[in-house]
Amino acid sequence: MMELLSRPLSVEEKQRLNEYFLRISSQYPEKQSLAMPLLFACQELLGFVSKEAIEFVAEKSELSPAHVLELATFYTMFHLKPVGKYHIQVCRTASCFFCGGQELIEFIKGFVGKDQLVPSDDGLFSWELVECIGSCGTAPAVLINDRLFECVTVEALKNLLERIKRERPELKLSVFRDDFSADFLDYPFSRILKND
Amino acid sequence: MIKETRLLLKNITYDDQKCLEKYIERGGFRGFRKVLELSPDQVIEHVKVSGLRGRGGAGFPTGLKWSFVPKNSGKPVYVVCNADESEPGTFKDRILMERDPFLLIEGILIACYALGSKLAFIYIRGEYQYAYKVLLDAIKEANQSGYLGDNILGSGVSVNITIHRGAGAYICGEETALLNSLEGKKGYPRIKPPFPAVKGLYGCPTVINNVETLCALPVIFDMGAEEYAKLGTEKSKGTKLFSVSGIVCKPGVYEVELGVDLIGFINDVCGGIIENVTPKIVIPGGSSVPALTWSECEGVKLDYESLQNAGTMLGSGGFMVFGDNVSALDLCLNFAKFYAHESCGQCTPCREGAKWLVDILQKLKNKTAYPGDLERIQAICSGIAGHTICPFGDALVTPVISLLKKFPDDFSIDYGVTSVSP
Ligand SMILES: Cc1cc2nc3c(=O)[nH]c(=O)nc-3n(C[C@H](O)[C@H](O)[C@H](O)COP(=O)(O)O)c2cc1C
Ligand code: FES
């Protein structure tokens, strides 16, 4: 079996996870369906899915730890090692790639200076190539944590990353709060549907 | 002059459409109220009359699919909304969910009423966090205002909706992989039969429909199934959303009657082709449908049958246009990498073949291919197509075969390689 990183859950973290578990249990007829939402919740708290997180999820969803590990490896959004505080996902699929995406990829590679999914030395950034993220009409597109950025140019991305370094916004939707941290919502979303 | 026909997108430009009050003010839940006056069987009959076909890719008649659900099986029936939208070139479902979430909720209510389902799921791809958040808020508001939950609007009908996030696997858009994922398993497609309508989620009868399909329901019941059926063509009725990307002046999501002219659609609706670029490749339905050369597009209409006659498919409506600055080989390699990355790994021909295709295409690009490699591509494709559990295998070879056939010059290996392949 692959080597899993250890990171025990604190009493307080367990309590929050248990509350979340109770809240979503009633939404599913069977416990097994809770495995993925719980993995997301653990990853939010810990920054990645640890050995202890897998055991916790297995117990709660009445699955074996091996089954939960299988989920954590099959689904690419689960990380078994920490990524940067800001995980930058650049779309590499056709509509983006041939519309400036290629240049963005080169830029991000240099900016983070590490292989995919490996955090920068200051732990702030990591990057990953992803497949079409449903913004082909506003290509090229980049996701930073949970926040989508559209029609991105190298110049705009450079400024954006500088701003992120300075202001350290969350850019995450929390399962515990069900809310986007409001910061950065001023960056334009879908310019797609504005009438002529 | 081709114009948009905005039915599903009617209110899409209003920023406050996400408020229940505004949704209702603009005609929201009129369709559902009309549905409440019909029996469930009559609702299914109306959907058949409307001619609505699945908008997720396969185009299967929705009313017919619903009628496969056994009556009185003694088991609960589930309605599952497929919001996994990951087909390259497709982004219409995201726009619908982000801008008009109650339209989807109303559509789900109508489906649940027709099928006697009390619990519906929305399986949304994990990357769509903003749409997820909008839907969560909308469901909360609908619950508080009596549009979801127990005894909706005093009708005795009860429906709850659970949103489930995917976690980055394209294959979970395939309906049986989606069901496995919802059950807390890897997204491996299931062998059919049994079909989900009989044995789906948790072994119970299940109907899976795409976001756009469900969003069409409130529109159909509000305007009347016969009226809706007057739109479009004989066999492709109603309107369809296209997600347009690439070298057009105004990329975006557009809704047109099925059967409009392809070139006219580009010129009149999408603002035409951008200056100084010559159009070369049109892919009308997402990466899994065959590509058309620009000259093949002449006279083609955008509906299920015409596109099929033209040798391609309507698919998800992911409409991509590429210019002569893009080599068909590069595009082919890009798509091949997508499929190699997204193959779930269950079937050997798909898992291995997809990687082999990437290897050979990459060699072609690096000009290190061997004579015979083009034939080898063909052979690998024949080894994959039709030999996998789900249609992913067919989807993966489609762009390769069509691009190779239609743009042979871009795949030329005539660069003086003399060595013989091992
Ligand atoms: C590989 C693969 C990926 C698919 N991805 C999606 C998808 O992202 N969204 C979707 O609605 N349907 C997708 N489908 C089609 C579904 O299997 C299913 O036919 C559809 O959700 C049924 O809904 P409809 O009848 O309303 O179109 C995919 C099919 C395959 C084979
Ligand atoms: S191709 Fe990049 S978002 Fe679709």
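A few remarks follow.
- Most fluctuating residue given options B:GLN144, B:GLN346, B:GLN362, as computed from a GNM of chain B linking Cα atoms under 10 Å: B:GLN144
- At least 50 Å² of accessible area lost relative to the chain alone, listed for the range A:20-34 with a 1.4 Å probe: A:GLN27, A:TYR28, A:PRO29, A:SER33
- The protein assembly as shown shape via C-alpha gyration tensor axes, a/c threshold 1.5: rounded
- Rounded if a/c under 1.5, otherwise prolate or oblate - the range A:47-142, Cα gyration tensor axes: oblate
- Label-to-label distance, B:CYS249 versus B:LYS365, with points set 7 angstrom from Cα along the beta-carbon direction: 3.3 nm.
- Violating pairs (Cα-Cα greater than 27 angstrom) within the set B:LYS18/B:LYS185; A:LYS31/B:LYS22; A:LYS14/A:LYS172; B:LYS65/B:LYS118: B:LYS18/B:LYS185; A:LYS31/B:LYS22
- The calculated FRET efficiency for B:THR278 paired with A:GLU167, based on their beta-carbon distance and R0 = 45 Å, is about 0.55.
- Here the range B:234-376 is assigned +1 on the Cβ of each Lys and Arg and -1 on the Cβ of each Asp and Glu. Its dipole about the Cα centre then comes out at about 520 debye.
- Proximal lysines relative to B:LYS406, as straight alpha-carbon distance under 28 Å, when same-chain residues fewer than 8 apart are discounted: B:LYS240, B:LYS250, B:LYS280, B:LYS301, B:LYS337, B:LYS355, B:LYS363, B:LYS365, B:LYS367
- Under the Karplus curve 6.51 cos²θ - 1.76 cosθ + 1.60, θ = phi - 60°, whole-Hz ³J(HN,Hα) for the range B:84-98, x wherever Gly or Pro sits: 8, 2, 9, 5, x, x, 10, 8, 5, 5, 4, 5, 4, 6, 6
- For peptide B:315-322, the mean count of partner chain Cβ atoms within 10 Å of a residue's Cβ comes to 2.
- Only Cα pairs under 8 Å and 6+ residues apart enter the sum, and on that basis the relative contact order of chain B stands at 17 percent.
- Remark on B:VAL256: its backbone amide H falls under 5 Å from those of B:THR5, B:LYS240, B:PHE242, a criterion applied only to residues 5 or more positions apart or on other chains, H modelled at 1.01 Å from N.
- With Cα atoms, 0 to 90° folded angle of helix B:373-384 axis to chain B main axis: 30
- Working note: 222 nm ellipticity from helices only, DSSP H runs with n ≥ 4, each -39,500 (n - 2.57), summed and divided by the residues of chain B, gives -11500 deg cm²/dmol to the nearest 500.
- When chain B is treated as a Gaussian network with alpha carbon springs shorter than 10 Å, the biggest mean-square fluctuation among B:SER343, B:SER243, B:SER155 belongs to B:SER155.
- Amide H contacts of B:TYR78 (H built 1.01 Å from N, in plane; Pro and chain starts excluded): B:THR206, B:VAL207 sit under 5 Å, all sequence-distant by 5 or more or on other chains.
- Shown in residue order for the range B:220-235 are the 3J(HN,Hα) couplings computed by the Karplus curve 6.51 cos²θ - 1.76 cosθ + 1.60 at θ = phi - 60°: 4, 6, 6, 8, x, 4, 5, 4, 4, 5, 6, 7, x, 10, 3, 9 Hz (x for Gly and Pro).
- The mean count of C-beta atoms from other chains within 10 Å of the C-beta of residues in B:339-345, rounded to a whole number, is 2.
- With the helix formula -39500 (n - 2.57) applied to DSSP H stretches of n ≥ 4, chain A reaches a computed 222 nm mean residue ellipticity of -11500 deg cm²/dmol.
- Largest GNM mean-square fluctuation across B:THR176, B:THR13, B:THR90, computed for chain B with C-alpha springs under 10 Å, falls on B:THR13.
- Helix B:328-342 axis versus longest C-alpha principal axis of chain B: approximately 50°, rounded to the nearest ten.
- The phi torsions of the range B:23-31, fed into the Karplus equation with coefficients 6.51, -1.76 and 1.60 and a -60° offset, translate into couplings of 4, 5, 4, 8, x, x, 6, 5, x Hz, rounded to whole numbers, with Gly and Pro shown as x.
- The aspartates and glutamates within cross-link reach of B:LYS230, meaning a Cα-to-Cα straight distance under 20 Å and a gap of 8 or more places when in the same chain, are B:GLU4, B:GLU45, B:GLU212, B:ASP222, B:GLU255, B:GLU257, B:ASP261, B:ASP303, B:GLU305.
- Classified by the C-alpha gyration tensor, the range B:15-229 has a rounded form. Its axis ratio a/c, with a ≥ b ≥ c, is below 1.5.
- The amide H of B:VAL159, built 1.01 Å from its N in the peptide plane, has B:GLY149, B:ASN151, B:ILE152 as neighbours under 5 Å, considering only residues 5 or more places off or on other chains.
- Of the trypsin sites (Lys or Arg not before Pro) found in the range B:314-422, those that fall in a DSSP loop while having at most 15 other beta-carbon atoms within 10 Å are B:LYS367.
The values are calculated or read from the model by the stated rules, or taken from the named source; none is laboratory data. For clarity, every value in this text was computed on a predicted model and none was experimentally measured. Neighbour counts are summed over all protein chains in view; Cβ atoms, including those assigned to glycine, are modelled from backbone coordinates with ideal geometry. The protein model used for the area step is the full one, side chains on, heavy atoms only, and it has no ligands, DNA or RNA in it. Shrake-Rupley method; radii C 1.70, N 1.55, O 1.52, S 1.80 Å.
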